[in-house]
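No value in this document is a laboratory result; all are computed from the given coordinates. Source: prediction; values computed, not measured. Positions of Cβ are generated from backbone atoms using ideal geometry, with glycine treated the same way; all protein chains shown enter the neighbour counts.
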């Protein structure tokens with residue numbers, strides 16, 4: 001499917017505020033960026049760089065007053081996510097070096113505290129993709145999706161204790177449980193078609209059988225039609241906007257729509 005996605009951010013500041021945005025998706029095996037538009041008002045210099053995880057970041061100094069940023073993309077994405085219940089979990093000694101850091105505890109994912117729970121959920125069967133799917137399904141069945149039940153400081157441990165949260169919390173818990181059984185896992189943020197209410201979304205990926213697979217515990221079954229914007233160990237690595245000063249967010253608007261007719265011009 002071809003999706004048109006957009007995000008509008010409006011801020012007010014009383015002084016210059018340095019900021020780092022993470023708002024440009026990259027093309028890869030799971031998506032192809034066909035077109036994009038990045039507009040800021042007032043116009044200020046932008047320095048772009050790739051962070052440690054390969055995410056494209058935009059470094060800006062917002063001037064005092066009103067500041068507006070809008071991005072728009074047209075992206076070709078798969079309508080279903082790949083799944084392989086027989087794909088084997090890899091022994092740690094056989095993992096690629098560049099995924100080992102996704103095994104470690106991180107700020108919001110205290111995986112060292114989840115060994116017993118993770119093992120009980122994954123079960124004693126063959127060490128395959130199916131064990132991670134059991135973790136995803138367990139979170140979906142047992143954690144209540146409740147807006148306002150968490151904040152930006154909520155960790156996987158707190159989510160497991162309160163048994164409620166939002167997409168970010170579901171992803172953190174999935175990541176912590178996967179790492180507890182020695183499966184590398186990372187957080188993903190982006191856009192999901194037909195998300196209700198529409199907003200930016202978070203899910204997780206697990207490294208199984210030599211590649212990354214997508215899991216979304218907020219859904220009964222993980223759907224496709226999603227645009228990846230950023231990857232990281234947890235939410236600390238994938239903030240779409242990081243400010244270094246005083247600001248007020250006045251508005252945020254997100255849309256995701258299919259391109260039903262001939263794609264034409266963007």
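Reported to the nearest whole Å, the Cα centre-to-centre distance from segment 123-139 to segment 196-266 is 24.
Between 176, 87, 230, the Gaussian network model of the chain with springs among Cα atoms under 10 angstrom shows the greatest mean-square fluctuation at 87.
At 0.36 nm per residue, and after removing the present C-alpha to C-alpha distance, how many nm does the segment from residue 100 to residue 134 gain when stretched out fully?
Numbers: separation 34, 0.36 × 34 = 12.24 nm, distance 2.25 nm.
This chain segment gains 10.0 nm when fully extended.
Spacing of the modelled spin labels on residue 145 and residue 30, each 7 Å from Cα toward Cβ, amounts to 1.8 nm. Averaging the sequence gap over all C-alpha pairs within less than 8 Å and six or more residues apart, then dividing by the number of residues, gives the chain a relative contact order of 30 percent.
List 97, 218, 128 from most exposed to least, where exposure is judged by having the fewest other Cβ atoms within 10 Å. It would help to have the intermediate numbers written out before the result.
On the way: 97 6, 218 22, 128 16.
Placing the least packed residue first, the sequence is 97, 128, 218.
Within the listed set 133, 205, 112, the residue fluctuating most in the Gaussian network model of the chain (springs between alpha-carbon atoms under 10 angstrom) is 112.
You can think of it this way: the chain between residue 219 and residue 80 has 48.7 nm of extra reach, that is 0.36 nm per residue less the Cα-Cα gap. Here r is the Cβ-Cβ distance between residue 92 and residue 39 and R0 is 41 Å; the resulting FRET efficiency, rounded to 0.05, is 0.35.
How big is the antiparallel share of DSSP beta bridges in the chain, given as a percent to the nearest 5?
Details: 64 of 66 bridges.
So the antiparallel bridges in the chain amount to around 95 percent.
Estimated from helices alone, the mean residue ellipticity of the chain at 222 nm is -5000 deg cm²/dmol (sum of -39500 (n - 2.57) over DSSP H runs with n ≥ 4, per residue).
Residue 257 label point, 7 Å along Cα→Cβ, cut-off 14 Å on backbone N: hits in segment 184-211? 194, by backbone N distance to the label point.
Largest GNM mean-square fluctuation across 121, 227, 39, computed for the chain with C-alpha springs under 10 Å, falls on 39.
As a proxy for reagent exposure, ranking 107, 186, 233 by other Cβ atoms within 10 Å from fewest up yields 107, 233, 186.
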